[in-house]
Amino acid sequence: MPHLLRLAATVVLVALLSACAGTNPMSMPSLTDTLSKQLGVSSNQAEAGVGAMLDTGKSKLSPAQFEQVSKAIPGADKYLKAAKDALGGSQITDLNTAFSKLGMSPDMVGKFKPVVLDYVGKVGGSSTKSLLASVL
């Protein structure tokens, strides 16, 4: 009987730990696919737009804080590179200008933001989401 109790306790513990951990990004559609489908932008625009947002976060957060955010977005380096390539390597100082250069209207920043933040929150948790939200 003690063996069954231990087994049941282990099962409950594993279930609780799974619920507390962030969502596995591998079980979610990619952020690029989500943005493309929801907002009707190309994959290149989606990648570069996320990269522009990440670049903004990188310039405003501490290295440790940015690392926390970038870990919540699989392929964060790919997104940063896409933004740099699409924007000619220029420093991103204004998201509206960056999005205009990517062929999107500045109001798309406001449409990207909740999708990106929702994704970050699901993968990295609410504190990671709050970190990125504080600088976007």
Report task. Could you check T128 against (1) buried (at least 16 other Cβ atoms within 10 Å of the Cβ); (2) over 21 Å from S30 (Cβ atoms); (3) hydroxyl-bearing (S, T, Y) and say which number it fails? Result -> (2)
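Being among the polar types (S, T, N, Q) and either in contact (Cβ under 8 Å) with a residue 24 or more places away in the chain or in contact with a strand residue (DSSP E or B) (Cβ under 8 Å, 6 or more places away or on another chain) (or both) is the filter here; which residues of segment 46-90 pass it? Break it down into steps so the answer makes sense when it comes.
Let us first name the residues in segment 46-90 that are among the polar types (S, T, N, Q), namely 56, 59, 62, 65, 68, 70, 90.
The answer is T56, S59, Q65, Q68.
Quick check, is F112 without any contact (Cβ under 8 Å) to a residue 24 or more places away in the chain, assigned to a helix (DSSP H, G or I) and crowded, with 19+ Cβ neighbours inside 10 Å?
On the way: without any contact (Cβ under 8 Å) to a residue 24 or more places away in the chain: no; assigned to a helix (DSSP H, G or I): yes; crowded, with 19+ Cβ neighbours inside 10 Å: yes.
Criteria not met by F112.
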Requested in this report: Test S100 against the criterion of being more than 18 Å from S43 (Cα to Cα) and either at pLDDT below 95 or among the aliphatic types (A, V, I, L, M) (or both), and give yes or no.
Outcome: no
Requested in this report: Out of the residues in segment 29-47 that are β-branched (V, I, T) and crowded, with 18+ Cβ neighbours inside 10 Å, state the one that is farthest from K71 (Cα to Cα).
Outcome: V41
Report summary line: If we take segment 49-107, then helices (runs of 4 or more DSSP H) inside it with 2 or more residues that are within 17 Å of S127 (Cβ to Cβ) are 63-71
Report task. Determine if segment 48-59 includes at least one residue that is at pLDDT below 95 and exposed (fewer than 14 other Cβ atoms within 10 Å of the Cβ). Result -> yes
Query raised in the report: What do you reckon, is F66 more than 16 Å from the chain's Cα centre (by Cα), crowded, with 17+ Cβ neighbours inside 10 Å and modelled with pLDDT of 90 or more?
Result: no
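The values are calculated or read from the model by the stated rules, or taken from the named source; none is laboratory data. Worth saying up front: this structure is predicted, and the values here are computed from it rather than measured. With ideal geometry, Cβ positions are generated from the backbone for all residues, glycine too; neighbour counts draw on all protein chains shown.
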